[in-house]
Amino acid sequence: MNLQTTYTVDEAQKKLENYCAYQERCHKDVRKKLKDMKMIPEAIDKIMVHLIDHNFLNEERFAKAFVRGKFRIKKWGKNRLVRELKFKDISKYAIDVALKEIDEADYFETLNELTQKRIAQVNEKNIYKKKKKVADYLLYRGWESHLVYQKLNEYL
């Protein structure tokens, strides 16, 4: 049995307030959620404006939380963070502000730890192949290439 759930603007607004209050969301995710709820474009715009006006949605706050979390937990470099935020349609201004959340010393310390840990994990006798494997790993995680190669030359 296929029951189509429909929402009034007020119901959808309440649902989205809870959705945004639970964790930081970007505009793109919220818009998608409203489309999935089969809301019409006028209702989507009305609800989006309400969420922004009442501070449930804040692009800059989302970007900052995203950067802090992904850097701390997944240990992503700035390139990956920027790429993922752009994918979520975050403005250049908000991305630049968010990247300031990362302490420079922590950034280099994290790269140091990641590099040493990965070097220890890679079982490769050929030094060039080992360097390539470690570099590929770090570049995939979004670390800037000049920093990656600087670290590899330091340790290998």
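For the list (1) outside the structural domain of ILE90 (by TED's automatic domain parsing); (2) within 28 Å of ASP103 (Cβ to Cβ), I need the number of the one condition that ALA65 fails.
Single failed check for ALA65: (1).
Are there any pairs with C-beta distances below 6 angstrom linking a residue in the stretch 43-60 that is free of Cβ contacts under 8 Å to residues at least 24 places away in the same chain to a residue that is assigned to a helix (DSSP H, G or I) and surrounded by 15 or more Cβ atoms within 10 Å (Cβ to Cβ), with the two at least 6 apart or on different chains, and if so which?
ILE44/LEU34
Answer with yes or no whether TYR19 is surrounded by 11 or more Cβ atoms within 10 Å (Cβ to Cβ) and over 30 Å from LEU139 (Cβ atoms).
yes
The values are calculated or read from the model by the stated rules, or taken from the named source; none is laboratory data. Quantities reported herein were computed from a predicted structural model and do not represent experimental measurements. For neighbour counting, all protein chains shown are included, and Cβ atoms are generated from backbone atoms with ideal geometry for every residue, glycine included.
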